[in-house]
Amino acid sequence: MLKQYKLRFYNFRLIIFLLAISLIGVTLVGTAASDLKSKQFAGVVLGLIIMLILSLLDYSWIMNFQWIMYGFNIIMLVVVRIAGDSANGAARWIGIGSFRFQPTELSKIILIVFFAKFFMDHEETLNTPKTLVLSGVLLAVPLFLILEQPDLKNTITVVVIFCIMIYIAGLSYKIIGGVLLIAVPLLIIFLSIVVQPDQKLLKDYQRSRIMSFLYPENEEYSDDIEQQNNSKTAIASGELVGKKLSGDDSTTSVNKGNFVAENQTDFIFAVAGEEYGFIGCVIIVLLLLAISFECIRMSLRAKDMSGKILCCGIGGLIALQSFINICVATGLAPNTGTPLPFVSYGLTSLVSLYIGMGLVLNVGLQSSTYNKEIIQKEIDRREDYL
């Protein structure tokens, strides 16, 4: 439902941060692959338009369609499972002519919206076995479909975001403690199994990425660690201000020399490091941190629990994906293929994140201060009528 709002309640600071990081993304994508620059810019424009429209729609009204969105999400993931386009051994895309769409990216936003409403509706019974089991089952269905693509990184991302949201919703610390007592030993057992050569829990390429991170000196995993080593070399070669600003071409460009694969997506941070140096990397990190912080700030102004959970879910998603991507590019985590929000090339991811930001902006517009003004005006109107 479209509503009228006052401009002073609109978070223009968040808009500025988004425009800045998106323009940086367009520039970096153009540097990594010049033929993709126009597509990335078109994605930014489309995302901004969708964000503006959603920011003016009542998010509470949108959440009334939570079950329809959940069903649509399941259908999308099933279609990918049955007839998805494959690349690098994984079926994660739906092809429509020359256009390819990755449903998992939109799925993350849909699940955040769905569980924001679900947890608010079950706020009083959140810590009961019935609600916990039901929420677990509702999560398990899309989670299984994502894992089967296979897409382990997004499976883990969805689980982490779910944990953040249910914590914000008011999960009991007793339950959190009990889960940790079970989860930590299971994680240790899982890692002890996957390091075995004949394990069946992970695909071979997934295991190789973990093993190359744990044992980078092992010659067997040299091919898997090479990309990250080249990425670190690219970042280090930029020094303080980068080759673009300093004009230093005395050393061979790691990125332009194709020593880093997928540098327009997974390793876009390496492009930033080489071209714009330490200062450019810090600017990107600060902008992503500012966007995540603004999402949290909007959650504190939310008129209800669903708005609070929604903002924390979107903010958590941006922060988590940023952290993973940068850790991979700097060799602090195994290679996962996680894009850098608003920077990496990928129209589905870019537009999906803008959808989330549109909802966050609307939560901010419907802040408690704004609603108090509306209520007071209604009271004054009735008093004048009487």
* Enter the angle in degrees (range 0 to 90, nearest 10) between the Cα long axis of helix 103-121 and the first principal axis of the Cα atoms of the chain, meaning the one along which they spread out most. => 30 degrees
* Asked: On the accessible surface of the chain, probed at 1.4 Å, how many percent belong to carbon and sulfur atoms?
  -> 67 percent
* Structure fact -> So, relative contact order of region 263-377 in percent, Cα under 8 Å, 6 or more apart, is 33 percent
* Take the Cα of Lys174, step 7 Å along the line toward its Cβ, and report every residue of region 114-139 whose backbone nitrogen sits under 14 Å from that point. => 126-129
* Using amide H atoms built 1.01 Å from N in the peptide plane, name the residues 5+ places from Leu57, or on other chains, whose amide H lies under 5 Å from its own. => none
* Asked: Once the Cα atoms of helix 222-237 and of the chain are each reduced to a long axis, what angle between those two axes, in degrees from 0 to 90 to the nearest 10, is obtained?
  -> 80 degrees
* Full-extension gain in nm, Trp61 to Leu134, via 0.36 nm per residue minus C-alpha separation -> 23.9 nm
* To do: Tell me the label-point distance for the pair Tyr10, Leu46, using the 7 Å Cα-to-Cβ offset, in nm and rounded to one decimal.
  => 2.4 nm
* Structure fact -> So the compactness index of the chain, its C-alpha Rg divided by 2.2 N^0.38 Å, takes the value 1.05
* Volume in Å³ per residue [convex hull over Cα atoms, computed for region 86-213] -> 129 Å³
* Structure fact -> Measuring from the longest principal axis of the C-alpha atoms of the chain, the long axis of helix 12-32 (C-alpha) lies at a number of degrees, nearest 10, equal to 20 degrees
* Structure fact -> In this structure, among Lys153/Lys244; Lys108/Lys243; Lys130/Lys308; Lys39/Lys303, pairs with alpha-carbon gaps over 30 Å are Lys153/Lys244; Lys108/Lys243; Lys39/Lys303
* For Asn229 and Thr125, what is the calculated FRET efficiency with R₀ set at 41 Å and r taken between the beta-carbons, to the nearest 0.05? -> 0.20
* Relative contact order [Cα under 8 Å, 6+ residues apart], the chain, whole percent -> 26 percent
* Accessible area per residue in Å² at 1.4 Å probe, computed on the chain -> 49 Å²
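The values are calculated or read from the model by the stated rules, or taken from the named source; none is laboratory data. Since this is a predicted model, take the numbers as computed values, not measurements. Ideal geometry is used to build each Cβ from the backbone, glycine not excepted, and the neighbour counts take in all protein chains shown. Ligands, DNA and RNA are stripped out before the accessible areas are found, and what is left, the full protein with its side chains, is counted by its heavy atoms. Shrake-Rupley method; radii C 1.70, N 1.55, O 1.52, S 1.80 Å.
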